[in-house]
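So the structure is just underneath, and the comments pick up after that.
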């Protein structure tokens, strides 16, 4: 975070896109959405406070809820940044990304 740099590694993104959609036909859109998500972290005014909370000794459930909030904040930003992108495509990626956080918390998706 201190360098204000975002790194995207193409090979893992290609693999993720293929696993989720069965092809890399929409890889450029996939990368665009992931980049928007990462920019969402950079623009999140709550990130510093939430990250500081993660440095504290917390019950595991609370820690995972904070992690979920951090990720949901970044995805909301990405959705707002790319309103013209196919909603089904965005939802598929976002839901997959958040599935592990939500599953462990038994949390319903939060609408943007």
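The values are calculated or read from the model by the stated rules, or taken from the named source; none is laboratory data. Treat the numbers as computed from the prediction; the structure is a model and nothing was measured. When we count neighbours, we look across all protein chains shown, and the Cβ atoms used for this are built from the backbone with ideal geometry, even at glycine.
Values computed for the structure shown
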| read-out | value |
| --- | --- |
| Residue in the range 21-30 that is under 16 Å from residue 6 (Cβ atoms) and surrounded by 14 or more Cβ atoms within 10 Å (Cβ to Cβ) present | yes |
| For residue 95: the one exception among (1) modelled with pLDDT of 95 or more; (2) surrounded by 16 or more Cβ atoms within 10 Å (Cβ to Cβ) | (2) |
| Residue list for the range 24-42, restricted to those being over 13 Å from the mean Cα position of the chain (by Cα) and in contact (Cβ under 8 Å) with a residue 24 or more places away in the chain | 26, 29 |
